[in-house]
1. Which one, B:N183, B:N103, B:N43, has the greatest fluctuation when you compute a Gaussian network model over chain B with C-alpha springs under 10 angstrom?
2. What average count of beta carbons from other chains do you get within 10 Å of the Cβ of residues in B:266-273?
3. Filter the DSSP H helices in chain B by two things, a Kyte-Doolittle mean of at least 0.0 and an axial alpha-carbon span of 18 angstrom or more, and list the hits by number.
4. If R0 is 35 Å, what FRET efficiency do you get for A:E225 and B:K266 from their C-beta distance, rounded to 0.05?
5. Based on the Cβ-Cβ distance from A:E54 to A:K273, what FRET efficiency comes out when R0 is 41 Å, to the nearest 0.05?
6. Once you have the Cα-Cα distance between B:R290 and B:N137, take 0.36 nm times their residue separation minus that, and quote the gain in nm to one decimal.
7. Provide A:R265, B:R269 in ascending order of the number of other Cβ atoms located within 10 Å of each residue's Cβ, fewest first.
8. Sum -39500 (n - 2.57) across every DSSP H segment of at least 4 residues in the protein assembly as shown, then divide by the residue count to get the 222 nm mean residue ellipticity, nearest 500.
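Derivation of every value follows stated rules applied to the coordinates shown; laboratory data play no part. Computed from a prediction, not measured in an experiment: that's the story for all the values here. Virtual Cβ from ideal backbone geometry, glycine too; neighbours counted across all protein chains shown.
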Number of protein chains: 2
Amino acid sequence: MSEDINKVSQHSIEPTVLSIDAMGGDLGVSAVINGIHIYSKRNQDVKFIIHGDEAQIKPLLAKRPNLLKRCETRHCKGVVSMDDKPSHVMRHGQDTSMWSCINTVRDKQADVAVSCGNTGALMAVSMIRLRKAPGINRPAIAILWPSENPQGSNVMLDVGADIRAEASDLLQYALMGASYARNGLNLEHPRIGLLNVGTEEHKGRIELKEAHERISEHAESSNFEFVGFVEGGDIPSNKVDVIVTDGFTGNVALKTAEGTATLMRKLLRQAFKQTPFAMIGAIFAYGSIRRLSKKTDPRQSNGGVFLGLNGTVVKSHGGADANGVAAAIRLAHQLAKNGFTDKLAARVASGSIMNNDVDSK
Amino acid sequence: MSEDINKVSQHSIEPTVLSIDAMGGDLGVSAVINGIHIYSKRNQDVKFIIHGDEAQIKPLLAKRPNLLKRCETRHCKGVVSMDDKPSHVMRHGQDTSMWSCINTVRDKQADVAVSCGNTGALMAVSMIRLRKAPGINRPAIAILWPSENPQGSNVMLDVGADIRAEASDLLQYALMGASYARNGLNLEHPRIGLLNVGTEEHKGRIELKEAHERISEHAESSNFEFVGFVEGGDIPSNKVDVIVTDGFTGNVALKTAEGTATLMRKLLRQAFKQTPFAMIGAIFAYGSIRRLSKKTDPRQSNGGVFLGLNGTVVKSHGGADANGVAAAIRLAHQLAKNGFTDKLAARVASGSIMNNDVDSK
């Protein structure tokens with residue numbers, strides 16, 4: 001433990017180093033560099049190691065001398081595209097910016113990695129370079145979900161690292177999710193829910209009933225509240241802070257919600273064009289509607305986090321613009337400052353270290 | 001087959017009879033009777049058998065003499081509430097309006113049943129009174145999902161009849177979904193998709209890979225197009241007409257979408273109150289926004305259908321208002337006129353009767 005504490009206290013003195021993959025996002029290198037620039041202007045205590053094509057990165061940094069002096073560029077020839085198969089990248093991706101970005105966290109040169117690239121490939125590279133943390137069977141991807149809670153977001157995991165989850169995995173997701181809610185959302189005593197269908201007696205699969213029991217047993221010692229089963233409609237509600245599910249169900253739910261939000265934004269635009277009155281209304285309400293669109297746009301509420309590896313990786317949305325990238329970097333910085341990787345490992349490995357310590361994260 | 005044809009042709013001459021459960025909806029008997037009234041005004045070729053508390057139903061019908069003469073009321077003492085357990089209703093629900101409503105379809109006195117009541121109980125009563133159709137292993141609940149398709153809705157099934165589905169069940173859902181799309185949405189050659197995660201090579205559970213193969217084999221002979229795997233984001237899209245999934249995933253997706261739509265409507269209302277400009281905008285855009293809200297309100301796009309039983313049951317949303325009930329009745333009437341129950345049974349029992357007959361439904 002003394003080593004961990006030293007490391008955590010170092011974090012608060014030395015600047016955090018973030019490892020950024022500049023390639024692979026839909027909007028190109030400039031969106032990533034702009035995102036770094038936006039975030040770094042207000043946060044002086046962070047340095048960046050940027051991985052990708054020097055010929056594209058260097059001119060963009062040269063225009064921003066204040067940023068330039070806090071960045072190190074590592075040239076990489078290869079780029080992982082959105083269509084690349086994870087298994088191919090795992091075998092042949094050594095020259096890519098994604099690989100270099102993860103390696104830098106592996107070699108302890110950076111605290112947290114950030115990439116906008118292909119999720120499947122990023123998880124595959126993270127798995128083979130960082131390896132699973134001791135005691136973890138299945139790593140998970142946790143995302144922030146727009147919600148009615150005061151903090152504006154709930155945490156949901158797993159949203160697609162693995163298509164299966166046993167009861168023991170769901171328990172680990174609950175422990176990791178609670179730790180993430182403390183360190184990412186500053187919730188001391190998060191409320192955990194287990195995603196299920198209906199509230200009738202025949203409810204749920206066998207592994208869910210077993211997980212219900214096991215998560216319930218850990219609630220007090222691991223300092224979270226277990227609210228029991230929740231339904232799909234509760235995901236964006238203020239009944240719960242962390243929603244635990246398997247990666248198949250979580251991924252379908254996430255994409256269904258994105259699809260629904262996209263359809264509603266389209267219908268809203270159509271509604272404003274329906275009548276001359278509505279068009280006048282649109283002009284008056286423009287600013288407010290634009291903020292609503294942004295709030296519910298997945299490219300904005302950014303940053304999936306890979307949990308359960310020896311190192312923390314933030315997956316930014318592929319379509320993220322500069323503000324989206326800045327949001328992902330803010331999350332990475334917060335997790336790095338809190339020494340999240342070490343805390344999470346300690347929390348999970350021991351089931352629950354530091355019982356009844358309300359301040360422990 | 002000749003019997004079926006006789007029956008179908010009878011449907012087009014004699015008025016259809018619908019069996020309506022007047023009780024159990026959140027808005028009470030008057031919403032149901034109003035819904036029947038709204039629909040019946042424009043549709044003279046339909047009669048109703050109404051089940052429930054005579055003391056509430058009769059005064060409402062007495063005010064509508066044109067409707068009264070096309071209705072028969074069957075008094076029932078019992079009401080299934082939203083909190084009643086399905087297993088309890090199955091054992092002790094013989095005196096309820098829900099039971100009587102389903103029995104009327106079982107006894108061939110009505111073509112299709114409609115109820116706003118408790119979904120779990122309605123499925124349980126339908127299962128024991130109507131029984132599974134020959135060859136069906138797991139009945140399914142199919143719903144209409146607001147979409148970007150010209151018809152305005154896609155079909156999704158199963159959304160919660162059963163929490164499990166094997167490959168053979170998913171194939172039956174595809175066949176039943178295709179038949180429903182033909183008879184409920186008038187789509188001659190519906191496009192079927194199988195819900196899955198990601199598009200990477202590691203995709204999906206074993207039963208999904210097997211179902212992919214089997215559905216693909218049936219596409220030509222059963223007169224549908226198989227578009228392969230689709231993701232959550234495709235559910236409201238115009239890539240597909242029928243989405244096939246297990247009842248656990250389908251139920252989570254449905255409730256997640258409802259939760260997302262509800263959150264967005266709330267945020268929209270907030271957005272219109274944010275600034276004086278936005279409030280003026282809201283006044284101008286009021287009508288259009290109201291139509292949008294209605295379009296995306298699950299209480300409006302109404303009518304889940306139980307498929308795979310010896311009889312068709314339309315489950316209206318519990319919170320449906322009179323217009324919602326009218327929408328559910330419209331769906332029930334259309335399915336009844338088309339002789340849907342018999343066609344579906346023939347279609348599934350034989351795998352695919354009537355090969356290459358484009359007009360067959």
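1. Most flexible of the set in this elastic network: B:N43.
2. That works out to 5 on average.
3. Numbers: long enough: B:28-42 (23 Å, 0.33); B:167-185 (26 Å, 0.23); B:206-218 (19 Å, -1.15); B:247-273 (39 Å, -0.04); B:276-295 (27 Å, 0.40); B:322-337 (22 Å, 0.51).
Span-like helices in chain B: B:28-42, B:167-185, B:276-295, B:322-337.
4. Rounded to the nearest 0.05, the efficiency is 0.90.
5. Working: r = 46 Å, r/R0 = 1.12.
With a Förster radius of 41 Å, E is 0.35.
6. Values: separation 153, 0.36 × 153 = 55.08 nm, distance 4.24 nm.
Stretched fully, the B:R290-B:N137 segment lengthens by 50.8 nm.
7. Working: A:R265 16, B:R269 13.
Least to most surrounded, the residues fall as B:R269, A:R265.
8. Working: 26 runs with 348 residues, N = 722.
That calculation yields -15500 deg cm²/dmol at 222 nm.
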